[in-house]
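**Student:** The structure is given below, and queries will be raised subsequently.
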Amino acid sequence: VIGTVVDSLSGEPVRSFKARIKKVRTLRGPNYTQQNKWEEFGNVEGEFKIEVAGPGVYQVQVAAEGFVWAWSEKINTDDEQPVVIKLSKGGRIKGVVVDEQGKGITGEKVIALSRACGVMPRTTEVFVSENGAVETAGGQFVLENLAEGRESIKVIHPDYSFSVVDDIAVFEGQVTEGIKVVLRRGGAVEGYVYDADGKAESGVVLYFQDASSYGGEADKKAGRLGMAMRVPNGFSW
C-alpha cells in the first residue's frame, strides 16, 4: 500500500509521521494476518509505502505530532491506486481523575481507544497498548488531537482498579469538558498453587484474565487484568 499524508487545511505534505496498517478482508489466497507494528516515515513529499499480508482490503492509521491519529478509507490492493490521507487538528477531551474521597490523583495514565486499539478483528475496539497516553497532574488531564466522533478513554494506575469511560463526544476544533473519572481501590484474589501430587508448586506465574476468548498472545495481553506474585510455598496473590 502506497500513499501520501497531507495537512487537511493547507494541503501541504506532512513530512514526519508513523503509520500502521490493519487488514479488513482477504480477497484471495491464504488468510494471513497483518502485524500490529508502527513504521516511521520522514520525507518532504509525505509519502509512505507499507508491505501487506497478501491481496485484501486494508486501512492505514497515521500518527503525526499535532494532528489527529487518522484512519484512511478502506484500500483495495487490486485497485493499485495511491491513497491520500488528510490529517486535521481534531478536538480535545479535558477532565479530572479523583479517588473515592474526591481528591485528584497525580500520575494516572489516561489513554484514548482510537490510539491504543489493536488491528486484529477481535481487538479493534479493545485497549491493547498505552499508545498516546497522557499523565494526570493534580488529577487534571487533557487529550488533544482526537478525531471528531465518539471516543472511549481508559484510566490506569498501579494503586487503583482501572476505569473505562465510553461514548465521549469529540468535535473538530472544540474542547469536550467536564469528564470526571472516579477510581477505586478494587479487591484482590489470593490462594495456593499445587502440582498433580498435591504439593505446593513454586516457579509458576498466574495470569488474571477477563472472560473473553483470545486467539493469540497479543490478544491475551489485551484481556490481562494482572499477574500473580508467588512465593516458594505456593501461595499467590
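The values are calculated or read from the model by the stated rules, or taken from the named source; none is laboratory data. These figures come from a predicted structure and were not determined experimentally. Cβ sites come from the backbone with ideal geometry, for glycine too, and all protein chains shown count toward neighbours. When the accessible area is computed, the model is the full protein with side chains, heavy atoms only, and any ligands, DNA or RNA have been set aside. Shrake-Rupley method; radii C 1.70, N 1.55, O 1.52, S 1.80 Å.
**Student:** For the chain, what is the relative contact order in percent, using Cα pairs closer than 8 Å and at least 6 residues apart in sequence? Mind showing how you got there, number by number?
**Tutor:** On the way: 553 pairs, mean separation 38.7, N = 237.
Reported as a whole number, the value is 16 percent.
**Student:** Related question: Averaged per residue, what accessible area in Å² does the chain show with a 1.4 Å probe, protein chains only?
**Tutor:** On a per-residue basis, 58 Å².
**Student:** Just from its helices, what would the mean residue ellipticity at 222 nm be for the chain, if runs of 4 or more DSSP H residues each count -39500 (n - 2.57) and the sum is divided by every residue, rounded to the nearest 500 deg cm²/dmol? Before the final figure, lay out the partial values.
**Tutor:** On the way: 2 runs with 10 residues, N = 237.
The helix-only estimate for the chain comes to -1000 deg cm²/dmol at 222 nm.
**Student:** Could you list log10 I(q)/I(0) for region 57-98 at q = 0.23 Å⁻¹, which the Debye formula gives when each Cα is one point scatterer?
**Tutor:** So the normalised log intensities work out to -0.81.
**Student:** Something else now. Across the Cα atoms of region 69-141, what radius of gyration and what greatest pairwise Cα-Cα distance (Dmax) are found, in Å?
**Tutor:** 17.2, 58
**Student:** When the chain is treated as a GNM, springs tying every alpha-carbon pair under 10 Å, which of Arg20, Arg28, Arg115 comes out with the largest mean-square fluctuation?
**Tutor:** Highest fluctuation of the listed residues: Arg28.
**Student:** Gaussian network model of the chain, Cα springs within a sub-10 Å range: biggest mean-square fluctuation belongs to which of Leu113, Leu146, Leu206?
**Tutor:** Among Leu113, Leu146, Leu206, the largest mean-square fluctuation in the Gaussian network model of the chain belongs to Leu206.
**Student:** Follow-up question, since we're still on this one. May I ask you to evaluate 6.51 cos²θ - 1.76 cosθ + 1.60, the Karplus curve with θ = phi - 60°, for each residue of region 41-55 and list the ³J(HN,Hα) values in order in whole Hz, giving x for glycine and proline?
**Tutor:** 9, x, 7, 5, 8, x, 8, 9, 9, 10, 6, 10, 8, x, x
**Student:** Taking every pair of alpha-carbon atoms in region 34-167, give the share separated by more than 21 Å as a whole percent.
**Tutor:** 49 percent
**Student:** Dividing the alpha-carbon Rg of region 12-106 by 2.2 N^0.38 Å yields what?
**Tutor:** Computed over Cα atoms of region 12-106, the ratio equals 1.44.
**Student:** Further, regarding this structure: Using the C-alpha atoms of region 165-205, what convex hull volume per residue, in cubic angstrom, is computed?
**Tutor:** So the per-residue hull volume is 162 Å³.
**Student:** What FRET efficiency would be calculated for the residue pair Glu135, Ile2, taking the C-beta separation as r and a Förster radius of 45 Å, to the nearest 0.05?
**Tutor:** 0.80
**Student:** Here is a follow-up. Tally up the carbon and sulfur contribution to the accessible surface of the chain as a whole percent, 1.4 Å probe, everything protein left in place.
**Tutor:** The value for the chain is 48 percent carbon and sulfur by accessible area.
**Student:** Comparing Gly187, Gly104, Gly118, which has the greatest mean-square fluctuation in the GNM of the chain with Cα pairs linked when under 10 Å apart?
**Tutor:** Comparing Gly187, Gly104, Gly118 in a Gaussian network model of the chain, the most mobile one is Gly187.
**Student:** Now, a different point. Just to compare against my own numbers: the Cα pair-distance distribution for the chain, 5 Å bins, whole % per bin, please.
**Tutor:** Answer for the chain: a P(r) of 1, 6, 12, 13, 15, 14, 12, 9, 7, 5, 3, 2, 1, 0, 0 percent.
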